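Peer 1: Below you'll find the structure I mean.
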Amino acid sequence: MKECDFDKNAEAVVLFDAGELVSYNFGPLELERHIRIKILKDKGLDQANIKIPFYSYRMEEDIKKVEAQTFNLDVSGNIAITKVEKKLIYEKKLNKRFSEMVFTFPEVKAGSVIEYKYKLVGAGLSNWYFQKSIPVKYSRYTTDIPEEYEVFSEPITSLPYEAKRDKKGTRNIRSFSMRNIPALRDEPYISCEDDYLQRIQSRLIAYNFPTRRVSFTRSWPQVIKDLMEDEDFGLQLKKEIPRTADLDAELKTLKTSYEKMTAIHRYVRKNMEWNGYDNIWALEGVKAAWKDKKGTSGEINLILVNLLKDAGLDVHPVLVSTREHGQVDQFYATTRQFDKVMAYVKMQLSGQEKVFVLDATDKYTPSHLIPYDVTYSEGLVIEKLDTYEWGWKPLWNEKQGFKNMVLLQAEINGDGLMKGKASVNSYEYTRLSRIPDLKKGKDKFMEEYFVANNPMAKIDSFSVTNDDIDSLPLVQNLEFSMPLQASGDYKYFSTNLFSGLEKNPFVADTRFSDVFFGAIRSYTVIGNFFIPEGYVLEELPKNLRMILPDTSISFTRMSAFNGNSMLSVRITLDFKKPYYTVAEYPDFKEFYKKLFDILNEQYVIRKK
């Protein structure tokens with residue numbers, strides 16, 4: 001087999017992925033899984049590095065009976081099998097609660113087939129994913145459990161699947177399968193791949209004893225109560241964090257709650273180092289993390305909550321699921337749906353109640369901006385139940401978004417060379433997205449944001465202001481020169497320069513995922529272009545306005561020529577929604593096609 005018959009460009013393909021969920025003699029649920037993958041190209045070799053995560057806290061889950069082997073053809077055309085040695089299969093402890101089983105296949109190359117089996121023993125159910133980042137020829141998920149178990153299994157699919165039911169004695173058997181499943185590759189502006197993969201969502205509802213029914217379904221109040229009593233969460237909120245003299249001295253000079261909040265937020269960000277692990281727990285304790293000046297996101301942000309509360313602010317921990325982690329199902333109460341805890345602060349500003357969401361592991365997001373990786377989601381505020389201050393809260397500010405404004409002034413000479421200046425003003429999330437790249441060096445930053453999308457332009461000088469003042473826009477000033485395209489007496493140029501709108505990302509005919517921007521967006525380009533003496537503008541493109549049928553996107557282009565030498569152009573593009581559904585994609589894609597046809601339209605000048 002040299003290629004996948006339904007995906008010719010695939011670097012690897014899952015030949016089959018079979019899982020069977022069973023329970024015997026009223027023991028724990030066990031998932032037996034068997035996977036076989038064909039490596040088609042060198043790019044598919046990373047499929048041979050296996051990591052199987054599981055919840056190891058209090059031995060709630062464990063992985064057993066791992067077997068793995070590589071198949072190759074030898075020079076004689078015979079199948080050669082290389083087994084993965086047991087000593088090379090090891091358990092890696094990620095933290096106090098999670099671990100993963102890790103191993104790598106030997107002798108893997110393009111053409112190899114790899115295969116592995118394992119048994120996951122545990123107390124709960126997890127989703128079964130038919131779809132992956134590589135195509136899958138066949139996937140089957142079976143549940144074979146006693147009728148005393150109540151299990152809810154729901155297909156979340158848009159592609160055809162087969163479902164079967166059977167009964168053997170007192171056992172209920174259900175099977176779901178899919179064939180020839182295309183890969184879900186990285187689509188532009190996808191929020192989380194797992195939210196869009198073809199899958200079976202399973203939940204263990206209850207167990208029926210002869211005389212009573214035991215429910216395994218929990219409520220959010222039960223989860224919150226347990227959290228407030230948990231040694232790694234609620235009890236950590238009662239710990240007294242040793243204050244430092246410099247922070248105390250600064251707080252004494254501040255009068256407003258907002259000033260105190262930003263000072264504490266800035267102090268924790270500056271003095272605590274994130275170790276790269278996201279969770280909601282203070283597994284080593286907030287005091288130990290504060291002493292070491294290093295910790296998980298849970299430890300650092302629970303320290304932040306403690307210090308804010310100690311300063312008299314109205315603050316609570318809020319559990320969130322970041323964009324990469326996926327959406328939360330509010331009908332399924334479990335802490336495993338969250339990957340981070342942040343600080344949720346309320347205060348009165350100018351006679352209005354304002355809400356702030358703070359993450360002290362994020363070195364760049366200012367206190368007034370909701371962290372981008374949780375915008376347009378909901379978080380679960382945690383507090384004692386009798387206070388009624390707990391519950392789901394929207395993490396969204398409709399006035400905060402991406403905003404970029406480009407101011408251009410350029411002059412074209414008789415030789416067809418455009419020379420000019422540009423000032424690019426990046427606000428809020430646009431500023432936030434650029435600052436980390438700017439910190440890596442101005443040359444790389446300039447290449448990524450200005451040269452790569454404008455390959456004909458030569459940047460003659462470049463400078464940045466406000467890079468250390470997060471309340472102001474990031475201003476990027478540059479001087480540039482660019483040769484115009486020419487044909488005989490005609491010369492052509494575009495006024496869409498340095499806007500970030502040089503290339504259309506939405507060209508695919510079909511799409512699995514919603515287009516998720518995470519916030520509203522606004523682009524503006526204002527330019528004055530001076531044409532050389534002895535030339536005239538061939539034709540002035542029409543002024544136009546284009547809107548999506550639901551009015552959620554509007555585009556305007558206005559241009560004017562003074563009849564002598566100056567062309568003035570103003571382009572505005574506004575998005576009023578943070579996301580667009582798969583069902584809206586056909587209209588959205590068509591709008592983008594027309595949009596980029598207009599943006600790439602050339603202005604033409606010719607010799608008199």
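The values are calculated or read from the model by the stated rules, or taken from the named source; none is laboratory data. Everything quoted here is computed from the prediction, not taken from an experiment. Cβ atoms come from the backbone with ideal geometry, glycine included; neighbour counts cover every protein chain shown.
Peer 1: Can you tell me how many residues within segment 169-212 are within 14 Å of residue 155 (Cα to Cα), among the polar types (S, T, N, Q) and modelled with pLDDT of 90 or more?
Peer 2: Counting residues in segment 169-212 that are within 14 Å of residue 155 (Cα to Cα), among the polar types (S, T, N, Q) and modelled with pLDDT of 90 or more gives 4.
Peer 1: Let me ask another. Taking segment 382-405 as the search range and keeping residues that are assigned to a loop (DSSP other than H, G, I, E, B) and touching a helix residue (DSSP H, G or I) at 6+ places or on another chain (Cβ under 8 Å), which one is nearest to residue 280 (Cα to Cα)?
Peer 2: 382
Peer 1: Can you name every one of the strands (runs of 3 or more DSSP E) wholly within segment 277-381 that holds 3 or more residues which are at pLDDT 95 or above and touching a Leu at 6+ places or on another chain (Cβ under 7 Å)?
Peer 2: Those strands (runs of 3 or more DSSP E) span 314-320, 340-349, 377-381.
Peer 1: Sort out which residues of segment 469-500 are of a type in the set (A, V, I, L, M), within 23 Å of residue 435 (Cβ to Cβ) and crowded, with 19+ Cβ neighbours inside 10 Å, and write them in order of number.
Peer 2: Hits for segment 469-500 are 474, 478, 497.
Peer 1: With the checklist (1) under 30 Å from residue 491 (Cα atoms); (2) among the hydroxyl-bearing types (Ser, Thr, Tyr); (3) surrounded by 17 or more Cβ atoms within 10 Å (Cβ to Cβ) in hand, flag the one item residue 423 doesn't pass.
Peer 2: Only one criterion in (1) under 30 Å from residue 491 (Cα atoms); (2) among the hydroxyl-bearing types (Ser, Thr, Tyr); (3) surrounded by 17 or more Cβ atoms within 10 Å (Cβ to Cβ) is unmet by residue 423, namely (3).
Peer 1: On to the next question. Can you find a residue in segment 97-118 that is among the basic types (Lys, Arg), within 30 Å of residue 285 (Cβ to Cβ) and within 29 Å of the chain's Cα centre (by Cα)?
Peer 2: Scanning segment 97-118, I find at least one residue that is among the basic types (Lys, Arg), within 30 Å of residue 285 (Cβ to Cβ) and within 29 Å of the chain's Cα centre (by Cα), so the answer is yes.
Peer 1: Kindly indicate which of 91, 60 is closer than 30 Å to residue 163 by Cβ, within 30 Å of the chain's Cα centre (by Cα), among the acidic types (Asp, Glu) and not assigned by TED's automatic domain parsing to the domain that holds residue 335.
Peer 2: When all the criteria are applied, what remains is 60.
Peer 1: Being hydroxyl-bearing (Ser, Thr, Tyr), under 16 Å from residue 199 (Cβ atoms) and part of a strand (DSSP E or B) is the filter here, so list the residues in segment 121-151 that pass it.
Peer 2: 129, 138, 139, 141, 142, 143
Peer 1: Scanning segment 152-190 for residues that are assigned to a loop (DSSP other than H, G, I, E, B) and aliphatic (A, V, I, L, M), which turns out nearest to residue 518 (Cα to Cα)?
Peer 2: 190
Peer 1: Could you count how many residues in segment 3-47 are of a type in the set (A, V, I, L, M), under 13 Å from residue 134 (Cα atoms) and not in a loop (DSSP other than H, G, I, E, B)?
Peer 2: Looking only at that region, the number is 7.
Peer 1: Follow-up question, since we're still on this one. Pick from 298, 351, 326: which is outside the structural domain of residue 471 (by TED's automatic domain parsing), farther than 25 Å from residue 222 by Cβ and among the small types (Gly, Ala, Ser)?
Peer 2: Result of the check over 298, 351, 326: 351.
Peer 1: Within segment 250-276, how many residues are over 30 Å from residue 351 (Cα atoms) and not in a loop (DSSP other than H, G, I, E, B)?
Peer 2: Residues that pass the stated criteria total 4.
Peer 1: Then there's this: Report, by residue number, each residue of segment 378-394 that is surrounded by fewer than 19 Cβ atoms within 10 Å (Cβ to Cβ), out of contact with any Lys or Arg (no Cβ under 8 Å at 6 or more places or on another chain) and not acidic (Asp, Glu).
Peer 2: 384, 387, 388, 391, 392, 393, 394, listed by residue number.
Peer 1: Would you check which residues across segment 441-473 are touching a strand residue (DSSP E or B) at 6+ places or on another chain (Cβ under 8 Å), of a type outside the set (A, V, I, L, M), outside any helix (DSSP H, G or I) and at negative phi and list them?
Peer 2: Answer for segment 441-473, where residues must be touching a strand residue (DSSP E or B) at 6+ places or on another chain (Cβ under 8 Å), of a type outside the set (A, V, I, L, M), outside any helix (DSSP H, G or I) and at negative phi: 454, 458, 460, 461, 462, 463, 465, 467, 473.
Peer 1: Does segment 73-88 contain any residue that is closer than 24 Å to residue 142 by Cα and exposed (fewer than 12 other Cβ atoms within 10 Å of the Cβ)?
Peer 2: So far as segment 73-88 goes, no, none of its residues is closer than 24 Å to residue 142 by Cα and exposed (fewer than 12 other Cβ atoms within 10 Å of the Cβ).
Peer 1: If you take the residues of segment 3-46 that are within 30 Å of residue 170 (Cβ to Cβ) and among the aromatic types (Phe, Trp, Tyr), which of them is surrounded by the most Cβ atoms within 10 Å (Cβ to Cβ)?
Peer 2: The selected residue is 16.
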